[in-house]
1. Evaluate E = 1/(1 + (r/R0)^6) for Gln168 and Ala81, where r is the Cβ-Cβ distance and R0 equals 45 Å; express this FRET efficiency to the nearest 0.05.
2. So which trypsin sites (Lys or Arg not before Pro) in segment 82-151 are both in a DSSP loop and have at most 14 other Cβ atoms within 10 Å of their Cβ?
3. Starting from the Cα gyration tensor of segment 90-186, multiply each eigenvalue by 5, take the square root, and state the resulting semi-axes largest first in whole Å.
4. So what's the Cα pair-distance distribution over segment 140-188, bin width 5 Å, in %?
5. To the nearest 20 Debye, how big is the dipole of the chain about its Cα centre, given +1 on the beta carbon of each Lys and Arg and -1 on that of each Asp and Glu?
6. Against the globular-protein guess of 2.2 N^0.38 Å, express the Cα radius of gyration of segment 113-168 as a ratio, rounded to two decimals.
7. Can you bin every Cα-Cα distance in the chain into 5 Å intervals starting at zero and give me the percent of pairs per bin, rounded to whole numbers?
8. How much mean residue ellipticity at 222 nm does the chain get from its helices, if each DSSP H run of length 4 or more adds -39500 (n - 2.57) and you divide by all residues, to the nearest 500 deg cm²/dmol?
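Since every read-out is calculated from the coordinates, none of them should be taken as a lab result. All of these numbers come straight from a predicted model, not from anything done at the bench. Cβ placement follows ideal geometry from the backbone for every residue including glycine, while neighbour counts extend to all protein chains displayed.
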Amino acid sequence: MQDISADQILSRLPARLKEARQRQGLSLEAVAKLSGVSRSMVSQIERGESSPTVATLWNLTRALQVDFAGLLDDTPVPGIALITAAQAPKIAGHGQGCQITILSPPEQAGRLEVYDIRLEPGGVLDSAPHGPGTREQVTVLSGHVEISAGTETRFLDLDDTAHYRADQPHRIAAPQGSARVFLIVEAP
């Protein structure tokens, strides 16, 4: 990358962040969800009304799957994009006693989302209905879980998979001990 000044970085950053988001077909809301940065802050940064902190910039570049240098020059993205376990975005504040890690690429947000969910004993992830026609698939990687969708409940053991409508209230719970599940959310 060529040598550029701090002023040049600050002048390029808003447009480059917006270009990276649009290139992946992501809405401001999707970037906010993936990065943990509020939608309004992402919008302010893209308009050049706010300068991001290093932590905010880090979260945005991880969500957009670009490195900082990638925002400032036109170097192509490698054919295999790698997000290490340490870099994978986490969703905080959802559920009780659960850790949610986003595994799907950011450009899939809102269409096909993949999550690794680790539930502590008694952990619960209650979800409000998603959009019409949305479906979920849960596969148990360890432990046992209870899946509820609408008025129906099923118990899943290791390696079991459940498919259900997610356009109704639904829940994943680990009532008998810790559990880990692989969740796929597919919107029409």
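1. 0.85
2. Those that pass, being in a loop and sparsely packed, are Arg111.
3. 19, 16, 12
4. Once binned at 5 Å, the Cα pair distances of segment 140-188 give 5, 21, 33, 23, 14, 3, 1.
5. For this selection, approximately 260 debye.
6. After normalising by residue count via 2.2 N^0.38 Å, the value is 1.11.
7. P(r) over the chain, rounded to whole percents: 1, 8, 15, 18, 16, 13, 10, 8, 5, 3, 1, 0, 0.
8. Estimated from H runs of four or more residues: -8000 deg cm²/dmol.
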